[in-house]
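Notes follow once the structure below has been shown.
The values are calculated or read from the model by the stated rules, or taken from the named source; none is laboratory data. Because the structure is predicted, anything quoted here is derived from the model rather than measured. We place every Cβ from the backbone using ideal geometry, glycine too, and count neighbours over all the protein chains shown. Surface areas here come from the heavy atoms of the whole protein model, side chains and all, with no ligands, DNA or RNA. Shrake-Rupley method; radii C 1.70, N 1.55, O 1.52, S 1.80 Å.
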Amino acid sequence: MIDKLLLAADGSDRSIRAAETAGELASRLNAKLVIVTADDGSPLPDQLQAFAEAEDLSRGQIFESIIASSRARAEEAGAGSIDTKILDGDPAEVILDAAARVGAGLIVMGSHGFSAVGELVMGSVSHAVMRGTDLPCVVSH
């Protein structure tokens, strides 16, 4: 039985939809949800940068906002017990490491983040996570 789910969040539309899916699954499974976002230090995607400038937010506040919006969507969908983590490093590696450390039985993530290539192929992070784990993955479109 799956008692912990890990949601990988990046603030993209697909990530927010994945938060809803994760919330529904956590509710149905009566499972704890762990929401993780990763800061790899690279320049923020244009959409996040524009949001940061419009709201006068620091980089750290942007990642806190990603966690907060994902948490709110998961709670609206029924998730009860939620932990959150903002971690530094390569997103795929952070997701895989966090899933192992928290003992997740399932990884939930969006199919792509902010990449312009998105519609043609699965995003590089979601693809790397699926290749790097034996855990079941739910990929939200």
Rolling a 1.4 angstrom probe over the protein chains, ignoring ligands and nucleic acids, what is the accessible area of H127 in square angstrom, nearest 10? 80
Taking R0 as 30 Å and r as the Cβ-Cβ distance between L29 and Q49, the FRET efficiency 1/(1 + (r/R0)^6), rounded to the nearest 0.05, comes to 0.25
Counting only residues 5 or more apart in sequence or on a different chain, those whose built amide H sits under 5 Å from that of T84 are I35
Can you classify region 1-79 as rounded, prolate or oblate using the Cα gyration tensor, where a ≥ b ≥ c are the square roots of its eigenvalues, rounded means a/c under 1.5, and otherwise it's prolate if a/b beats b/c and oblate if not? prolate
For region 31-73, whose charge dipole is built from +1 on Lys and Arg Cβ atoms and -1 on Asp and Glu Cβ atoms, the candidate among A52, L33, S69 with its Cα farthest towards the positive end is L33
About its Cα centre, what dipole magnitude does the chain give when the only charges are +1 on Lys and Arg Cβ and -1 on Asp and Glu Cβ, stated in debye to the nearest 20? 540
Pop the C-beta distance of E64 and R131 into the FRET formula with R0 = 25 Å and round what comes out to the nearest 0.05. 0.25
Return the calculated 222 nm mean residue ellipticity for the chain, to the nearest 500 deg cm²/dmol, obtained by summing -39500 (n - 2.57) across DSSP H runs with n ≥ 4 and dividing by the residue count. -15000 deg cm²/dmol
Expressed in nanometres to one decimal, the distance between label points 7 Å along Cα→Cβ at L57 and A72 is 1.0
Segments 92-99, 128-135, 39-46, 23-30 sorted - mean Cβ within 10 Å per residue, highest first: 92-99, 23-30, 128-135, 39-46
Quotient of Cα Rg and 2.2 N^0.38 Å for the chain, N being how many residues it contains: 0.97
For region 3-47, just say rounded, prolate or oblate: build the C-alpha gyration tensor, square-root its eigenvalues into a ≥ b ≥ c, call rounded for a/c under 1.5, and beyond that prolate if a/b exceeds b/c, oblate if not. oblate
Quick one: helix 91-102 against the long Cα principal axis of the chain, what's the angle to the nearest 10°, folded into 0 to 90? 30
For the pair K85/S124, report the inter-label distance in nm, with labels modelled 7 Å from Cα in the Cβ direction. 2.3
For region 36-44, just list the computed ³J(HN,Hα) in residue order, Karplus coefficients 6.51, -1.76 and 1.60, θ = phi - 60°, integers in Hz, with x standing in for Gly and Pro. 10, 10, 10, 10, 8, x, 6, x, 5
